[in-house]
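Accompanying notes for the structure given below.
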Amino acid sequence: MKILVINGPNINMLGVREPEIYGRENYASLVAFIEQTASDENIAVECFQSNHEGAIVDKIQSALGVFDGIVINPAAYTHTSIAILDALKAVNIPTVEVHISNVAEREYFRQTSYTGMACIKTYAGLGFDGYNRALLFLKAYLESGGACTI
Ligand code: DQA
């Protein structure tokens, strides 16, 4: 099972950016955490981060026929990007959205998720653990042929 983990703009600034919201651990720690979970669960994982909308669209398109599932934290593009929404719909790969912070309790402009409209589930406000939960959910979903919705 191959899962692509995509992180959007400013996620490379973890540990520096607003630590009271996003925590003190950096992006390298996030990648190590994801890789550990993937290895424990026998999942082949690739982590990709970009600050550029088009690069994220390109990466999603290139996942077609290569990856079984996608975990995505589109960061600010969550709330603006119809292009990323359309790319996720185009490839139609089961996708789970993750947010480190609890977007539901933040500013009004974070209350809409365009990208979430193409996702089978969203985890928000769980810190790094949201990525872990997303991988476990996708694994169960894919192994059950899409029947599992835990
Ligand atoms: C975020 C939430 C977004 O609103 C914000 O723009 C981010 C990170 C999160 O992980 O909590 O950059 O996606």
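The values are calculated or read from the model by the stated rules, or taken from the named source; none is laboratory data. As the structure is a computational prediction, the values presented were derived from the model and not from experiment. Virtual Cβ from ideal backbone geometry, glycine too; neighbours counted across all protein chains shown. In case anyone asks, the SASA skips ligands and DNA or RNA and just uses the protein heavy atoms, side chains included. Shrake-Rupley method; radii C 1.70, N 1.55, O 1.52, S 1.80 Å.
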Cleavage-rule hits, GluC sites (Glu not before Pro), region 61-150, DSSP coil, Cβ neighbours within 10 Å at most 14: Glu107
Can you work out the Karplus-derived ³J(HN,Hα) for every residue in region 15-20? Use 6.51 cos²θ - 1.76 cosθ + 1.60 with θ = phi - 60°, whole Hz, and x for glycine or proline. x, 9, 6, 5, x, 5
Provide the gained length on full extension for the span Thr112 to Ala147, in nm with one decimal, where the gain is 0.36 nm per separating residue minus the Cα-Cα distance. 9.9 nm
Can you grab the distance from the C-alpha centre of region 61-126 to the C-alpha centre of region 7-25, Å, no decimals? 18 Å
For Tyr123, other-chain or 5+-apart residues with amide H closer than 5 Å (H placed, Pro excluded) are Glu97, Val98, His99
Counting other Cβ atoms within 10 Å, keep those with at most 15, restrict to DSSP loop, and tell me which trypsin sites (Lys or Arg not before Pro) in region 87-150 are left. Arg106
Spelling out what I want: for every residue of region 2-14, take phi, set θ = phi - 60°, compute 6.51 cos²θ - 1.76 cosθ + 1.60 (Karplus), and round to whole Hz; glycine and proline get x. 10, 10, 9, 10, 10, 10, x, x, 6, 6, 5, 9, 3
Quick one: pull the percent of accessible area on the chain belonging to carbon and sulfur, 1.4 Å probe, ligands and nucleic acids left out. 49 percent
Extending each Cα 7 Å along its Cβ direction at Leu126 and Arg17, get the distance between those two points in nm, one decimal. 2.1 nm
Computed magnitude of the charge dipole of region 2-143 (debye, nearest 20; Cβ of K, R +1, Cβ of D, E -1): 180 debye
What relative contact order, as a whole-number percentage, does the chain give when Cα pairs under 8 Å and 6 or more residues apart are counted? 25 percent
Of the options Asn42, Val5, Ala28, report the single residue whose Cα projects farthest towards the positive end of the charge dipole of region 2-143 (beta-carbon charges: Lys, Arg +1; Asp, Glu -1). Val5
Accessible solvent surface per residue of the chain, calculated while the other protein chains remain in place, 1.4 angstrom probe, Å²: 48 Å²
Length gain on complete extension for the stretch Lys89 to Gln36, per 0.36 nm per residue less the alpha carbon to alpha carbon distance? 16.2 nm
Evaluate the chain: find the radius of gyration of its Cα atoms, find its Kirkwood radius, and give the ratio Rg to Rh. 0.93
Counting helices only, and only those DSSP H runs with n ≥ 4, report the 222 nm mean residue ellipticity of the chain as the sum of -39,500 (n - 2.57) divided by its residues, in deg cm²/dmol to the nearest 500. -10500 deg cm²/dmol
